[in-house]
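Let me begin by presenting the structure, written as structure tokens, before commenting on it.
The values are calculated or read from the model by the stated rules, or taken from the named source; none is laboratory data. Note that the coordinates shown come from a computational prediction; the quantities given were computed from them, not determined experimentally. With ideal geometry, Cβ positions are generated from the backbone for all residues, glycine too; neighbour counts draw on all protein chains shown.
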Amino acid sequence: MYEVIHNEELAPEVWRLVVRAPRVADARKPGQFVIVRASEACERIPLTIADADADEGTITLVVQAVGDSTREIASVPAGGAMRDVAGPLGRPTEIEQWGRVACVGGGVGTAVLFPLAKALAEAGNAVTTLIGGRSEPHVILRDELAAFCEDVRVTTEDGSLGRKGFVTAELEEMLADDATCPQAVYAVGPVPMMKAVVELTRPQAVKTIVSLNPIMVDGTGMCGGCRVTVGGEVKFACVDGPEFDGHAVDFDELSTRQRTYEEDYCRLDAQFRQTE
Ligand code: NAD
Ligand code: FES
């Protein structure tokens, strides 16, 4: 069992949990994830390790409560425990010295972006982070990012905080000016956002790395659930990723595969509720 030390609501339906998992905290590198089960009956949920404290033996996880199992994880209070925390899994981020880097985070994807931005800044890159959300309460980790980024720019779709619009509007502006154009872009968020980012950077061939979150089951390359096509080759996000060259990713296939079980889930959920 893995004790939950802290649990707070970071944004509507988004929780930040600090969990005691000393061996994971010691071994993890930025970009890696764990697979969590709150209880025996819970689905296996892949969650990026948003932060870790090896001295305290803790890892920080951010979970968006969208289904039964993510709700179960989010509802474990401080003092409670998770049944399983398996990891660290996935390939760590390849941290390079690019010079100027733009890190683009959409909504809860900002939590995945956080450890990458931190590692890039620690490696001496000048990091500008662009974060976007539907409205002010959905913008997360702004102050935490400001602690090590040169600049943090915020967008909201309703204009309640920062610039009104999508986060990509800020990136477009950075790319258009030689004085701010980054040497590399890291993007994490909804698939349409990551697709929009790679289409913006493609004409200038700015290196763009995306973190993908396809459906995962085992997280060890055995089930094929997380299959993605990158550069015309089949890859498994859990062992070959989750980060890939954004210009080579087949985003249309990724969004189709992410919707694979949507209909079945809605039908089964409705049946289940009728029998309750
Ligand atoms: P959301 O739908 O509210 O979008 C957040 C922000 O992303 C928007 O405010 C906007 O700035 C940007 N965005 C969205 N669509 C865009 C588009 N078409 N073009 C340009 N920018 C766009 O996001 P949310 O509800 O906070 O997050 C949920 C989504 O994030 C889910 O789709 C989930 O799968 C994804 N997610 C991805 C990862 C990952 O590792 N890639 C991790 C966590 C969550
Ligand atoms: Fe099963 Fe990646 S989650 S192969």
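For residues in the range 20-51 being under 28 Å from Arg134 (Cα atoms) and more than 16 Å from ligand 2 (Cβ to nearest atom), which is surrounded by the most Cβ atoms within 10 Å (Cβ to Cβ)? Selected residue: Ile49.
With the structure loaded, tell me whether Lys164 is basic (Lys, Arg) and within 26 Å of Pro30 (Cα to Cα) or whether it fails that test. Full working, then the answer.
Values: basic (Lys, Arg): yes; within 26 Å of Pro30 (Cα to Cα): no.
Judged against the criteria, Lys164 is not a match.
For the range 119-135, the criterion of being closer than 29 Å to Asp158 by Cα and at pLDDT below 95 is met by none of the residues. Only one of the listed residues (Asp177, Asp151) is touching a Ser or Thr at 6+ places or on another chain (Cβ under 8 Å), more than 16 Å from ligand 1 (Cβ to nearest atom) and among the charged types (D, E, K, R). That residue is Asp151.
Of all the numbered requirements in (1) touching a strand residue (DSSP E or B) at 6+ places or on another chain (Cβ under 6 Å); (2) within 16 Å of ligand 2 (Cβ to nearest atom); (3) closer than 20 Å to Val4 by Cβ, Phe114 misses one, and that requirement is (2).
In the set (1) more than 16 Å from ligand 1 (Cβ to nearest atom); (2) among the aliphatic types (A, V, I, L, M); (3) over 17 Å from Glu243 (Cβ atoms), Val139 fails one condition alone, (1). Scanning the range 92-128 for residues that are under 26 Å from Ile45 (Cβ atoms) and either surrounded by fewer than 16 Cβ atoms within 10 Å (Cβ to Cβ) or of a type in the set (Val, Ile, Thr) (or both) yields Pro92, Thr93, Glu94, Val104, Val108, Thr110, Val112.
Any chance you could count how many residues in the range 242-257 are part of a loop (DSSP other than H, G, I, E, B) and either over 16 Å from the mean Cα position of the chain (by Cα) or near ligand 2 (Cβ under 9 Å from one of its atoms) (or both)?
Of all residues in the range 242-257, those part of a loop (DSSP other than H, G, I, E, B) come to 242, 250.
Cutting the leftovers down to either over 16 Å from the mean Cα position of the chain (by Cα) or near ligand 2 (Cβ under 9 Å from one of its atoms) (or both) gives us 250.
Going through the range 242-257 one residue at a time, the tally reaches 1.
Restricting attention to the range 237-268 and to residues that are polar (S, T, N, Q) and within 12 Å of ligand 1 (Cβ to nearest atom), the residue that is modelled with the lowest pLDDT turns out to be Gln258. Selection of the range 213-234 for residues being buried (at least 19 other Cβ atoms within 10 Å of the Cβ) and more than 6 Å from ligand 2 (Cβ to nearest atom) yields Asn213, Pro214, Val228, Val230.
Going through Pro115, Pro30 one at a time, which residue ends up being under 30 Å from Ala179 (Cβ atoms) and touching an Asp or Glu at 6+ places or on another chain (Cβ under 8 Å)?
Working: Pro30 fails: touching an Asp or Glu at 6+ places or on another chain (Cβ under 8 Å).
Matching residue, one of Pro115, Pro30: Pro115.
Among residues of the range 136-185 being more than 22 Å from Pro203 (Cβ to Cβ) and among the basic types (Lys, Arg), the one that is surrounded by the most Cβ atoms within 10 Å (Cβ to Cβ) is Arg142. Listed by first and then second residue, the pairs with beta-carbon distance under 8 Å, at least 6 apart or on different chains, first residue in the range 199-225 and free of Cβ contacts under 8 Å to residues at least 12 places away in the same chain and closer than 17 Å to Leu254 by Cβ, second within 16 Å of ligand 1 (Cβ to nearest atom) and not hydrophobic (A, V, I, L, M, F, W, C), are Gly225/Pro214.
When you check Arg202 against the structure, is it closer than 18 Å to His138 by Cβ and either more than 16 Å from ligand 2 (Cβ to nearest atom) or of a type in the set (S, T, N, Q) (or both), yes or no? Full working, then the answer.
Details: closer than 18 Å to His138 by Cβ: no; either more than 16 Å from ligand 2 (Cβ to nearest atom) or of a type in the set (S, T, N, Q) (or both): yes.
Taking the combined requirement at face value, the residue does not satisfy it.
Give the residues of the range 93-113 that are assigned to a loop (DSSP other than H, G, I, E, B) and under 19 Å from Phe166 (Cβ atoms), sorted by residue number. Residues satisfying the conditions are Gly107, Val108.
Checked against (1) more than 24 Å from Ser135 (Cβ to Cβ); (2) under 22 Å from the mean Cα position of the chain (by Cα), Cys181 meets all criteria but (2).
Please enumerate the residues belonging to the range 41-92 that are assigned to a loop (DSSP other than H, G, I, E, B), free of Cβ contacts under 8 Å to residues at least 60 places away in the same chain and not hydroxyl-bearing (Ser, Thr, Tyr). So that I can check it myself, show each step before the final result.
Narrowing the range 41-92 to residues assigned to a loop (DSSP other than H, G, I, E, B): 41-44, 54-57, 65-67, 75-80, 83, 90-92.
Checking the rest, the ones that are also free of Cβ contacts under 8 Å to residues at least 60 places away in the same chain come to 41-43, 54-57, 65-66, 75.
The answer is Ala41, Cys42, Glu43, Ala54, Asp55, Glu56, Gly57, Ala65, Val66.
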